[in-house]
Structure formats: structure tokens, C-alpha cells
1. Taking region 155-167, which residues are farther than 15 Å from SER125 by Cα and crowded, with 16+ Cβ neighbours inside 10 Å?
2. What number of residues within region 81-93 are closer than 21 Å to ALA160 by Cβ and crowded, with 22+ Cβ neighbours inside 10 Å?
3. Return the residue satisfying two criteria in turn: it lies in region 182-195 and is surrounded by 15 or more Cβ atoms within 10 Å (Cβ to Cβ) and at pLDDT below 95, and of such residues it is farthest from ASP121 (Cα to Cα).
4. State yes or no: is GLY49 within 13 Å of the chain's Cα centre (by Cα) and farther than 18 Å from ALA20 by Cβ?
5. What residue, of THR179, THR138, is surrounded by 19 or more Cβ atoms within 10 Å (Cβ to Cβ) and either of a type in the set (Gly, Ala, Ser) or closer than 26 Å to GLY99 by Cβ (or both)?
6. Just checking, does region 139-148 include any residue being assigned to a loop (DSSP other than H, G, I, E, B) and under 11 Å from the mean Cα position of the chain (by Cα)?
Amino acid sequence: MAERRSGRPSPPTLTTIRSADWDGRELAGEVHRQVLFVDVDMTEATDRGSSFEECTFRDVRFNVSVHEDALFAGCTFSRCSFFDATFTGCKLTGSMFDGCSFGLLKVEGGDWSYACLPGADLRGSSFQGVRLREADLTGARLEGAEIRAGDLSGAWLHGADLTRCDLRGTELTGLDPHTVTLDGAVIDLRQAAVLAAALGLEVR
């Protein structure tokens, strides 16, 4: 299992919800803390303003689910599926993703700072206006993805593949172009100057 960048283990859980059918369920303002969710089906669930703190999700299906203004703070997601899931204005700071699938994931706004997604296959995913400061994207696959108008400052991107990734408007301060693949990536003029400076070039 992948480790959090701090090396700390996942927080302990106190209660367990196992093999529950939450398919299509509407969650509004629910509060869950240190709960272990195992083999729970959240397909097409609608979540508005719920709070999950230091929870662990194992083999949970979030496919086609919609989450608005929800909190997933310090959570651990292991072998979960997020196919066509949408997160709008959500906060996932410090959460860890291990062995998850993300096909067509859509994230709009919100704060994913310090989130750990090492080696994640995020091809075709979309992040719009998302704060990803100091997120761990080591070795992540982002070919053809969109990270628009966001913040990747301080993010760990060593070995990440950003081929054809649309990065326009995103803060790239600290990105080392020597350690990532940028073939065909789309950037704006301001970002071009930032990357040129990172390559040791003088822009006049």
C-alpha cells in the first residue's frame, strides 16, 4: 500500500459500515468520523454538504456520484472506483488514494491540498479551479487531463506524465520540467515564462 508523504499511517477507525447499498442515496449534511466503509455501493449517490473526517473507504464504488461542498479530511481511499464521479467545491485536504480508478473524474473548485495520489491514473480527468498545493502526484498519469486555473505550487510531480495535459491558468511555481513529461502539454504565455526560467533560460 502506498504511504502518505509524511509517512504516518492512516488514522484508526472506530466503527464499520460493511456491504451497504447506498446506490442512489441522497446524503445531506451527514457527519461521519473515523468510520471504516467496506464494499459500500455509492453509485449515483448525491452528497450535499456531508462531512467525512479521518474515514477509510475500502473497495467503495463512487461511480457517477455527485458531491457538493462535502468534506473528506484526512481520509484514506483504497481500491475505490470514481468513474464519472463529480466533486464540486469539496475539501479533500490530506486524503490518501491507493489503488483507485478515476476514469472521467470531474473536480470543480475546492481544496485538494496535501492530497496523496502517487501513481494515480488520472488520464482524461478534469480539475477546474482546484487548489492542489503540495499534493503528491509522484508518477501520476495525467495524459490528456485538464488542470485549468488551479494551483499546483509545491506539488510533488516527479515522474508525472503530463503529455497533452491542459494546464492553462494553473500556478506551476516549483515545477521542475526536467522531472516530468510535458510533450504536447498546453500552457499559456505566463506559464511559458515560468517554465523557461526553470530551465535556466532568460526571458526578455
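1. Restricting attention to region 155-167, the residues satisfying the condition of being farther than 15 Å from SER125 by Cα are 155-159.
Of everything in region 155-167, those that are farther than 15 Å from SER125 by Cα and crowded, with 16+ Cβ neighbours inside 10 Å turn out to be ALA155, TRP156, LEU157.
2. We begin by selecting, within region 81-93, every residue closer than 21 Å to ALA160 by Cβ; these are 82, 87, 92-93.
Among the residues that remain, those that are also crowded, with 22+ Cβ neighbours inside 10 Å are: 82, 87, 92.
Residues in region 81-93 being closer than 21 Å to ALA160 by Cβ and crowded, with 22+ Cβ neighbours inside 10 Å: 3 in total.
3. Step by step, filter region 182-195, then rank; the result is VAL194.
4. Numbers: within 13 Å of the chain's Cα centre (by Cα): no; farther than 18 Å from ALA20 by Cβ: yes.
Answer is no for this residue.
5. On the way: THR179 fails: surrounded by 19 or more Cβ atoms within 10 Å (Cβ to Cβ).
Only one candidate qualifies: THR138.
6. From region 139-148, those assigned to a loop (DSSP other than H, G, I, E, B) are 139-140, 142-145; that's our starting set.
After this cut, where a residue has to be under 11 Å from the mean Cα position of the chain (by Cα) as well, the list is 140.
Checked region 139-148: at least one residue is assigned to a loop (DSSP other than H, G, I, E, B) and under 11 Å from the mean Cα position of the chain (by Cα).
Quick grid of which residues meet (1) in the same structural domain as GLY144 (by TED's automatic domain parsing); (2) touching a residue at least 60 places away in the same chain (Cβ under 8 Å); (3) of a type in the set (Asp, Glu); (4) surrounded by 20 or more Cβ atoms within 10 Å (Cβ to Cβ):
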{"residue": "THR16", "(1), (2), (3), (4)": "no, no, no, no"}
{"residue": "GLY24", "(1), (2), (3), (4)": "no, no, no, no"}
{"residue": "GLU30", "(1), (2), (3), (4)": "no, no, yes, no"}
{"residue": "THR46", "(1), (2), (3), (4)": "no, no, no, no"}
{"residue": "SER125", "(1), (2), (3), (4)": "yes, no, no, yes"}
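So that you can scan it fast, the table gives a plain yes or no per residue for (1) modelled with pLDDT under 95; (2) of a type in the set (A, V, I, L, M); (3) outside any strand (DSSP E or B):
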position: SER10; (1), (2), (3): yes, no, yes
position: LEU36; (1), (2), (3): no, yes, no
position: VAL64; (1), (2), (3): no, yes, yes
position: PHE77; (1), (2), (3): no, no, no
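The values are calculated or read from the model by the stated rules, or taken from the named source; none is laboratory data. These numbers come from a predicted model, not from an experiment. Quick reminder, even Gly has a Cβ in these numbers, built from the backbone with ideal geometry, and neighbours come from all protein chains shown.
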